[in-house]
Every structure is written in C-alpha cells, then in structure tokens.
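Have a look at the structure below, then the notes.
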Amino acid sequence: MQQLVECVPNFSNGRDPEVYSQIAASISNVKGVTVLDVSADPDHNRTVITFVGAPEPVEQAAFEAIKKAAELIDLDYQEGEHPRIGATDVCPFIPIKDVSMDYCVEMSRRVGARVGEELGIAVYLYAEAATRPERARLAAIRKGEYELWKIEVATNPDRQPDFGPAEPKPWGATVIGARPFLIAYNLYLNSDNADIADQIARNIRFSSGGLRNIQAKGFLVEGQAQVSMNLTDFEKTPIYRVQELVRREATHYGLAITKAELIGLTPQQALVNAARWYLQLDEMHDSQILEYRLQEEVQEDATPEAFIEATAEPSPTPGGGSAAALAGALAAALTQMVAGLTTGRKKYADVAVEAETIKQEAARLRRRLTEAIPEDAAAFENVMNAYRLKDVTEEEKAAAIEEATLTAAKVPLCVAELSLETAQLARDIAGIGNVNAATDAAAGALLAQAAVAVAVLNVKVNASSLQDKAKADDLREEVAGLENQVAEVVKQVQKTAAERGGY
C-alpha cells in the first residue's frame with residue numbers, strides 16, 4: 001500500500017505568474033511528487049499549491065519550495081489582503097494514506113530543522129506539531145503579521161522561533177506543522193462592505209463563539225465582500241451547515257450569497273454530504289453513487305505486466321540487477337503489510353509503537369529499492385554508452401568505462417545492503433506482529449535473501465571488470481558477508497513463523 005502525504009504550502013505572492021510558477025516548478029521537479037493544484041489569488045496576493053507523494057519526496061519538495069520562495073519574495077515590498085508572516089507563510093503536512101498524524105509531525109520537525117539550519121529562515125511549529133499550546137493556532141503565531149514580527153523577533157522571547165535565527169529577514173518566517181485535511185471555502189456577498197463580511201466571519205468562527213472547526217475572516221475581493229473560511233473537520237461541521245449559517249447572517253444585513261469558491265482541493269465526500277442534505281436524500285447510501293459502486297466492483301489489476309514483458313524482451317535491460325531490486329522492494333512491501341496489519345489492533349496494542357516504526361522503515365526501504373529498479377538498468381546502459389564513445393582519446397574512453405563500471409557495481413551493492421535491512425525488519429515483525437501474517441513476514445525475508453544473492457552476483461561481475469584492483473577488492477570485501485548474514489536472518493524468521501503459525 002503506497003504511503004501518501006499531502007502538503008499545502010501557502011506563498012505570499014499571487015500576482016506574478018513568473019514567481020509562483022517557479023515555486024511550483026521547484027516542487028514538480030522532485031521525483032515522486034505530483035502537483036495537484038496551483039491556486040493564485042491576486043487580491044489576497046497569495047498562492048496555494050497542493051501536492052502529494054510519499055513522505056521522503058514530499059519533505060524534499062517542501063524544502064525546495066520554501067527555498068525558492070525565499071529567493072523570489074521580499075516581504076518588505078509585498079502586500080495583499082491576506083495576513084502573512086513569511087514568503088512561505090505556512091506549510092502543513094496532512095496524512096492521506098497509510099501515514100499517521102504523528103509521522104507527519106515528525107516530518108514537519110525534520111523539515112523545520114533543515115529550513116532553519118540550511119536556509120537561515122525562522123521556523124515556527126504549529127497545529128499538531130506545536131511545541132507550545134499557544135502556537136497551535138496559526139493566527140496566534142501570525143499576530144501583527146510580518147511588520148510586527150520583524151520588530152519583535154530579536155527582542156521578544158515569545159517570538160523565539162523553534163528553528164532558525166531570531167533575526168528579521170526580508171523573507172520573514174515560515175510556519176510548519178501537521179494537521180488534518182482542511183477545506184478552504186469562500187462565500188461572496190452582494191455588497192462591497194468588507195466590514196459586514198468580517199462581522200459575519202466573527203459570528204460564525206469558533207474562536208468567537210461560532211461553529212466548531214471553523215476559522216473565518218472577512219475581505220474585499222474584486223469589489224465584493226467575501227467571507228473566507230477554513231473548515232478543519234468537514235465531517236463534524238459540514239459545508240452545508242456553514243453555508244446556511246452564513247446565509248442567515250447575511251440576511252440579517254439584507255444581503256445574499258452570490259457565489260461560493262473552493263481554494264485547492266476538497267474530498268468528494270464533503271460534496272456528497274452537501275448534496276444529500278440539500279436534496280433531502282436522507283436514506284441515500286454511498287453504494288447508490290455510481291462512481292463509488294464502480295470503485296467497489298472494479299478491482300485494479302496489480303500485476304506488474306509491463307515490467308515482466310520488458311524483462312522477457314531480448315534486450316539486456318531490465319536484467320538481473322533490476323529484478324533483484326524488485327524482489328527487495330516486494331520483500332519490503334510484505335514487511336510493511338504485516339506491520340500495517342498489526343498497528344491499530346487492540347490485541348497488539350503493547351507493540352503498536354514498535355510496529356509503526358517497522359512500518360515506516362519498511363516503507364522507506366520499499367521506496368528506495370523501487371527507485372533502484374530503473375537505476376540498475378540506467379547504470380548498465382551507461383557502461384554500454386562508455387564503450388561506444390567516439391571522438392575521445394583511448395585514455396578518456398578507458399576512464400569513462402571505469403567510472404561507469406564502478407557505478408554499475410555500486411547500484412547492486414546498495415540493493416544488497418537495503419535488502420539485508422529489509423530481511424532484518426521482516427524478522428522483527430514476524431516475532432511481534434499479527435500472528436495471521438507471520439508467514440508473509442517469512443516470505444518477505446526469503447524474497448530479500450534472493451535479492452541479496454542476485455545483487456551480490458552483479459557486484460562481483462562488475463568488480464571483475466574494473467582496472468583498479470584495489471577498488472575491486474573493496475567491493476568484494478563489502479559483499480563478502482552479506483549472503484551469510486541474510487541466510488542467518490532467514491533461518492530465524494522461518495523458525496519464528498513456524499512456531500507462531502503452528503506448522
């Protein structure tokens with residue numbers, strides 16, 4: 001099961017396409033990340049970018065975006081309707097699939113520490129990652145906006161950042177954290193009176209005694225009063241309830257809602273809930289929705305047919321090295337599966353923390369081994385390309401072949417080491433995990449053993465082609481004990497699986 005984390009950073013520029021396009025490009029350039037939406041608002045002078053991916057690439061993409069925004073946005077000259085404290089104003093991580101909130105908290109802390117240390121940007125942790133109760137709310141950190149922050153940051157202890165220097169910089173500060181899914185939802189009124197919109201916002205938001213899970217503020221956008229809202233839990237406080245309360249408040253002032261606006265993405269269920277309420281379909285079930293029913297009935301074929309076909313072709317790539325990486329990735333996937341079948345179950349509550357750690361580490365190994373599948377093929381192609389070099393001296397050609405061959409040896413070496421780690425994780429989860437999946441952990445260890453054996457074979461054959469015999473000997477020495485180590489681990493796993501499985 002693929003882990004997915006969503007990141008929705010907000011940048012303090014929505015008027016210059018060249019600026020926010022460069023920021024979006026810095027995100028999409030990170031392998032393993034998909035940019036889902038770029039919403040630029042010139043009145044608020046703010047751009048919201050939504051992207052998803054596995055945890056590691058999402059962390060890297062967030063860092064690159066924060067770095068690029070600091071290069072391009074100067075808060076001393078930036079202005080707009082929306083409150084802001086930094087070039088990258090806020091950067092939340094949101095668990096979407098097979099990732100816990102606690103893990104997203106750790107992600108926010110890792111990114112925050114790196115941003116503070118490497119980029120020299122003051123970072124404040126908020127929401128679930130907040131280090132102080134008063135910093136859980138974004139509005140509390142952003143009080144007075146950039147203009148007050150740059151005056152107080154160096155002298156006011158309450159402004160001491162969690163990471164980075166307590167110094168005023170033109171890129172301001174960045175607020176990083178972890179939170180549940182949030183719907184950004186705006187309602188426009190048939191008025192140009194922003195004060196009325198702000199009064200309605202005060203009446204409906206939770207901090208002023210309104211609806212729970214609602215943050216709201218009034219603005220003037222393109223000549224229309226706007227009630228801008230964040231719905232922090234659409235299941236408990238649904239869109240239709242918010243809509244109707246704003247409608248009643250607007251009626252009090254003799255006004256009406258003219259249109260609604262979504263910023264970024266929304267879960268489909270939020271719209272289904274609204275349709276069910278407005279159409280009074282109280283007895284309607286999700287199974288009556290065509291798309292939901294099709295998702296239940298149509299099972300996606302998970303067979304890696306394309307890779308199998310490519311391997312069967314009479315061409316050298318993908319070959320044994322890529323197959324070893326695939327075997328290692330499958331071993332890690334099985335290990336992750338067993339850990340996932342253990343966490344969150346009362347029967348295994350006493351090992352929940354350890355199982356969660358194994359699950360996250362197995363996911364990391366799976367991603368890295370999956371990346372090695374094309375890496376091995378590319379490394380072989382580079383060797384062939386080096387042999388085909390023309391218009392170079394013999395010395396240059398020999399050097400290119402040597403370098404390419406060394407790389408071709410290092411890729412399977414990495415696969416062997418990662419696969420050994422995977423086998424060790426499989427052993428650990430076999431001993432404490434869901435007893436019904438103990439044989440799956442053993443299967444993972446056996447696949448990891450195969451991956452190690454094939455990868456070691458590839459290291460040896462490439463090492464034998466090196467002219468530098470010292471480097472060749474180093475490679476042979478590095479792989480010498482890997483097969484023995486993994487064999488011992490497999491014995492332990494098989495014994496444990498047999499004992500717990502009762503066979």
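Throughout, read-outs are computed from the coordinates displayed, never taken from laboratory work. If you're wondering where the values come from, they're calculated on a predicted model, not measured in any experiment. Cβ: placed from backbone, ideal geometry, glycine included. Neighbour counts: every protein chain shown.
Brief remarks follow.
- Nearby lysines by direct alpha-carbon distance to Lys471 (threshold 23 angstrom, same-chain neighbours under 8 apart not counted): Lys397, Lys410, Lys460
- Distribution of pairwise C-alpha distances over segment 4-178, 5 Å bins, in %: 2, 10, 20, 23, 22, 15, 7, 2, 0
- Cα pair distances exceeding 17 angstrom across segment 112-216, given as percent: 61 percent
- Only DSSP H runs of four or more residues enter the estimate; each adds -39500 (n - 2.57), and after division by the residues of the chain the mean residue ellipticity at 222 nm equals -17500 deg cm²/dmol.
- Three principal axis lengths of segment 165-253 [C-alpha, angstrom, descending]: 49, 32, 21
- Here the simple spin-label model places points 7 Å from the Cα toward Cβ, and for Glu403 and Arg212 these points are separated by 6.3 nm.
- Sorting the segments 317-324, 89-96, 493-500 by their mean number of nearby beta carbons within 10 angstrom, highest to lowest, gives 89-96, 317-324, 493-500.
- Shown here are the Rg and Dmax of the Cα trace of segment 409-503, at 15.4, 53 Å.
- Length available on full extension from Asp474 to Leu290: 0.36 nm per residue minus the Cα-Cα distance, which gives 60.2 nm.
- Relative contact order for segment 314-501: 30 percent, from Cα pairs under 8 Å spaced at least 6 residues apart, divided by residue count.
- Extension gain from Ile96 to Ile257, taking 0.36 nm per residue of separation minus the Cα-Cα distance: 54.7 nm
- Normalised convex hull volume, segment 294-418, alpha-carbon set, Å³ per residue: 137 Å³
- Ranked packing of 156-167, 4-15, 349-360, 304-315, most packed first, by mean Cβ within 10 Å: 4-15, 349-360, 156-167, 304-315
- Those lysines that a straight Cα-Cα span of less than 28 Å connects to Lys495, excepting residues fewer than 8 apart in one chain: Lys346, Lys347, Lys359
- Cα centroid separation, segment 436-503 to segment 160-198: 51 Å.
- Among [x] 1.03; [y] 0.95; [z] 1.05, the entry that matches Rg/Rh (Cα atoms, Kirkwood Rh) as calculated here: [z]
- Segment 274-339 and segment 81-111 have Cα centres spaced 27 Å apart.
- Cβ crowding within 10 Å averaged over residues, with 400-411, 470-481, 23-34 ranked highest first: 400-411, 23-34, 470-481
- For segment 314-501: span of alpha carbons on each principal axis (Å, largest first): 68, 30, 25
- Measuring spread by the Cα atoms of segment 21-64 yields a radius of gyration and Dmax of 10.8, 34 Å.
- Inter-label distance, nm, simple model (7 Å from Cα along the C-beta direction), Gln485/Glu371: 2.0 nm
- Candidate lysines for bridging to Lys150, where Cα separation is under 25 Å - those fewer than 8 sequence places away on the same chain excluded: Lys67, Lys68, Lys169, Lys217
- Pairs of Cα atoms nearer than 8 Å and 6+ residues apart set the relative contact order; for the chain it is 10 percent.
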